[in-house]
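Below is one structure, written out as structure tokens; the observations come after it.
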Amino acid sequence: MGEVPESGAAAAGGAAAVDGAPMLEVTDLVKHFPIRSGIFFKRTIGHVKAVDGVSFTVRRGQTVALVGESGCGKSTTARAILRLLEPTSGRVTLDGVDINKLSKDKLRRARRDMQIIFQDPYASLNPRMTIRQILSEKYQLMGAEITKSTISDLLDTVGLAEEYADRYPHEFSGGQRQRIGIARAIALNPKFVVLDEPVSALDVSIQAQIVNLLEDLQDELGLTYLFIAHDLSVVRHISDRVAVMYLGGIVEIADRDDLFDRPHHPYTQALISAVPIPDPEVERVRETIVLRGDVPNPANPPSGCRFRTRCWKFEQQLTEAERQVCIEQPPPLDPVPAGREHRAACHYAAVREVVRA
Amino acid sequence: MSVGGGAPEVVPEQLLAPTQPPEAVAEPEGGAPTGDRVKRGQFRDIWRRYKRNKLALVGLGIVIVLAVIAIFEPILTPYDPKEQNLLNTQQPPSGEHWFGTDVLGRDLFSGILYGTRLAMIVSLSVVILALVVGITLGAIAGYRGKFIDTLVMRTTDIFLAFPFLIGAILVVRIFGDSVQAVIIALAILAWPTSARLMRGQVLALRESEYVEAARSIGASDTRIVLRHILPNAVAPVLIYAFTSIGVAVVAMASLAFLGIGVPADEPEWGRLIGQAIQVIQIPGKDYLWIFPALAISITTLGFAFVADGLRDSLDPKLR
Amino acid sequence: MDGTADIDLDSPAAPLLEVRDLRVHFKTDFGVVKAVDGVSWSVNDGETLAIVGESGSGKSVSAMTILGLIQSPPATFPSGDILLRGKSLLKMPEKQQRRLRGKEIAMIFQDPLTALNPVFKVGDQIAEMVRTHQKVGKLVAKRRALDLLGEVGIPNPAVRINQYPHEFSGGMRQRAMIAMALANDPQVLLADEPTTALDVTVQAQIMALLSKLQESRNTAIVLITHDLGLVASHADRINVMYAGKIVEAGSTNEIFYRPRHAYTFGLLSSLARMDHRRQERLTPIKGVPPSLARVPKGCPFHPRCRFATDECIAAVPPLESVAGNGHLAACVHSDQVGMANEERLAHG
């Protein structure tokens, strides 16, 4: 069926949404990119370990955020989950279905349930297609019916007027194009949507509009979100659970308030402390943990704990013996004491309050 | 050496956002599109930009005239272009023969017109053939990459390395002296460049986000190439095609000048020049080669101007 | 003589850098784009002025004009002046202007590759920057480049000085660009979105560096950005720009805690806060920022403003004082905005 609920209607599907059962289960996901060299026949001389063993769960109706800086592998993880990139190894289960075992055909059909909204509203719409064509394409590909009102209802759901459906993307502003991208993703009611930095490229005054829209759609359509972002303020607003990534692995994962108020991993702490808060008095008394150096080369990550080369704790607080542990043993993502569902990958994890003073 | 203060984009892109249309009565939260209110926005825009280039307009005029001549040639020629009159050779331009007569007594004016039709048919055929082959192979090579890409690219290398003249002679030897042989010969030499152009475009566009988006909604590879990549890739190839028409004309003329390809009784421009050269020492015979030479130059320039104009108007960023 | 004899660089009376009623218009296919439409501001030694606005607000253009980076045509400058310690920059002969730019006033950009030429070594580029404005030999200039690289926190400067930009990471390139800007000890540093393209931890490093440099050299910094968090932590004063005009100006505390223009208020209300527990819904500003070729009549913000009345369409509201402490706002309903803000803070 190709119906999209009318905007504003609290669809029956929405109410049953958050029932706690796992929608997405990712287990030991790995994605390595081979580095090739040679003129005629390229040999593989190494691997960029973009995603190096990532596991997490997203419950139905929830929003889980994957945060991290450039090179941490969050975008690659998202694409590997959707099989827009073929994972090197690992298991991805969507509503009980093992995605990686699907044949090409079945995968195409499964795509109906797992969609993605892209970061760049200027690049994610084909400049030579009208809005109507862009949106209709999905219906055609999925073999769904388009009635007279389908496209206009769809546009209405995302706050755009139907009369502009025959225009081209370049005639719209960034925020409007993003709405179109959202419309394309939620058409045909997917179960699961990956949002790849959906508001980073937008003006601040428009971001709030789009965030609200995304939340409304989640409620109305009972969507499950995987939210990739680097803007921690928006993450705090929209997520239920947050996973912090560094150099291809998850270093901390916790429920939202737990993560922000009681971070345990030194990288999480540095990350949160580095995010400026738009409040002069708060900023005046906060301290910033300034990390030294650059992110290591993902083709050649440090031994043991990947973060140790920039870790302030390693540098300032650990003894020689403790440092050896960090150098030799990769820390497992273990539960922290007194944390419900809160895990951190650090041999010496401890709370440090960094949001406020 | 450019040091600090290299001027960034003159006018930041955001400032050039098209004007807002009049406010709609009840506006949904997203607002109205901020673009120009034109239905066929794309083509009007292209034409508007094209018009600004005076040379491009001149070129367009030339091309239109050539097209008209090529199509209506049988009606336009006062004489049969192939009709030889050995008693009336090398007559200078006069009231009866506007361009005079050539070494075989044919009316030169009619010959030039006939040559126009020949040139247009041949060059168009060559370019279309080369484009079809080139675009297909280039798209496959660019999209698939890896082995197919290497195969196609090395093949184009071989073809490009082959000396033009020898190749042409070879083909004509095989197929015999005819217009078709010329078309084949020139097409064989023209397809590699369009293949490379296309491949380059496809390689770049393959990574576009809207291609990824298409994949995410279930589009097959074929659909992606045909519906998403091709329309966006085709601009530079189109521009190249127009230039190629001019190049093909010159190539054909060069071959005919040397006596290869087009049969001797066809008053092809290059052939006419070749024949004129033989009597060049005699003063007063310049009209024999000036008219065909002019024809070649004007044709080539016309298409070159159009190609130039297209380049600027199809995508201002391309310059 | 380097031509700066007429400028008394130690005069305390005039502000260090002043922009007066600057207008920058562009002729485009879509009409006249008024990128900067009557903008005035000033900055003093050792202080940081933030110019805040979204894309299309014109914030970058005013800074680029100071450095003569706006090509004319297609730009025209219907009015305005730029004064360095009270002496008009635009009225000086071209040669003199060039001497001051890069020396007294320097700029860093969002993309380091705007300033760094990829085919030349980083050290050479900095050295050339030095030699363009100071009469020193190659060796002295190279020595200076080495010192600068160290000052901006690039490890192993002796090695890095002979490397090319592509061998530097993003953060390091930014540092190199800062080094180049500081090569001639400028009095004013214009920073146009210097950290927008950087990761947040790198951003923290770069901002810490700029603060440190400001302290040690007493440089004035004009920070152009859309990031209100950055502004809260680093600016002394703020100018808020919208559609080519300054709509509000004041100290950081005034702007954040007592905004008096509807746009500023709307912006602050719409922000998601990392230090707050989850709000139910964000409060966005409706509509979209206007195209600068068709700025709405009267107050450019009125189509999106919840306080707007007919008065707002009739004429452009003048930028006037609203609190007597240097706080200016161009809003007919500035009092209403003030009250709405009080309410928001009470319930926040």
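The values are calculated or read from the model by the stated rules, or taken from the named source; none is laboratory data. For clarity, every value in this text was computed on a predicted model and none was experimentally measured. Quick reminder, even Gly has a Cβ in these numbers, built from the backbone with ideal geometry, and neighbours come from all protein chains shown.
Here are the numbers for the structure shown:
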{"read-out": "Some residue of the stretch A:198-212 being among the charged types (D, E, K, R) and within 13 Å of chain B (Cβ to nearest Cβ)", "value": "yes"}
{"read-out": "Members of the stretch A:68-109 that are of a type in the set (Ser, Thr, Tyr) and touching a strand residue (DSSP E or B) at 6+ places or on another chain (Cβ under 7 Å)", "value": "A:75, A:76, A:77, A:88, A:89, A:93"}
{"read-out": "Residues of the stretch A:205-242 classified as free of Cβ contacts under 8 Å to residues at least 24 places away in the same chain and surrounded by 22 or more Cβ atoms within 10 Å (Cβ to Cβ), total", "value": "2"}
{"read-out": "Filter result for the condition that a residue is under 15 Å from residue B:255 (Cβ atoms) and touching a residue at least 12 places away in the same chain (Cβ under 8 Å), over B:174, B:188, B:166, B:135", "value": "B:188"}
{"read-out": "Qualifying residue in the stretch A:113-133 (condition: acidic (Asp, Glu), assigned to a strand (DSSP E or B), more than 8 Å from chain B (Cβ to nearest Cβ) and within 16 Å of residue A:225 (Cβ to Cβ))", "value": "no"}
{"read-out": "Subset of the stretch C:78-131 [among the aromatic types (Phe, Trp, Tyr) and surrounded by fewer than 21 Cβ atoms within 10 Å (Cβ to Cβ)]", "value": "C:120"}
{"read-out": "In the stretch B:49-82, the residues that are loosely packed, with under 12 Cβ neighbours inside 10 Å and either of a type in the set (Lys, Arg) or part of a loop (DSSP other than H, G, I, E, B) (or both)", "value": "B:54"}
{"read-out": "Residue match in the stretch A:280-288 (condition: within 16 Å of residue A:311 (Cα to Cα), surrounded by fewer than 23 Cβ atoms within 10 Å (Cβ to Cβ) and facing chain C (nearest Cβ under 8 Å))", "value": "yes"}
{"read-out": "Counted residues, the stretch B:88-132 - those being touching a residue at least 24 places away in the same chain (Cβ under 8 Å), touching a strand residue (DSSP E or B) at 6+ places or on another chain (Cβ under 8 Å) and surrounded by 23 or more Cβ atoms within 10 Å (Cβ to Cβ)", "value": "2"}
{"read-out": "Residues within the stretch A:152-190 that are in a loop (DSSP other than H, G, I, E, B) and either within 9 Å of chain B (Cβ to nearest Cβ) or within 24 Å of the chain's Cα centre (by Cα) (or both), tallied", "value": "13"}
{"read-out": "Residues of the stretch C:21-67 satisfying the condition of being in a strand (DSSP E or B), within 14 Å of chain A (Cβ to nearest Cβ) and surrounded by fewer than 20 Cβ atoms within 10 Å (Cβ to Cβ)", "value": "none"}
{"read-out": "Qualifying residue in the stretch B:261-283 (condition: free of Cβ contacts under 8 Å to residues at least 60 places away in the same chain, closer than 30 Å to residue B:46 by Cβ and in a helix (DSSP H, G or I))", "value": "no"}
{"read-out": "Helices (runs of 4 or more DSSP H) within the stretch C:160-261 that include 2 or more residues closer than 24 Å to residue C:146 by Cβ and of a type outside the set (Asp, Glu)", "value": "C:170-182, C:200-217"}
{"read-out": "Filter pass, residue C:257 being buried (at least 23 other Cβ atoms within 10 Å of the Cβ), aromatic (Phe, Trp, Tyr) and on the phi < 0 side of the Ramachandran plot", "value": "no"}
{"read-out": "Yes/no for residue C:163 being over 14 Å from residue C:110 (Cβ atoms) and more than 9 Å from chain A (Cβ to nearest Cβ)", "value": "yes"}
{"read-out": "Condition met for residue B:203 (surrounded by fewer than 21 Cβ atoms within 10 Å (Cβ to Cβ), of a type in the set (A, V, I, L, M, F, W, C) and modelled with pLDDT under 90)", "value": "no"}
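To keep it simple, each residue is scored yes or no on (1) within 11 Å of another protein chain (Cβ to nearest Cβ); (2) assigned to a helix (DSSP H, G or I); (3) at positive phi.
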| site | (1), (2), (3) |
| --- | --- |
| A:237 | yes, yes, no |
| A:242 | no, no, no |
| A:252 | no, no, no |
| A:258 | no, yes, no |
| A:263 | no, no, no |
| A:267 | yes, yes, no |
| A:272 | yes, yes, no |
| A:277 | yes, no, no |
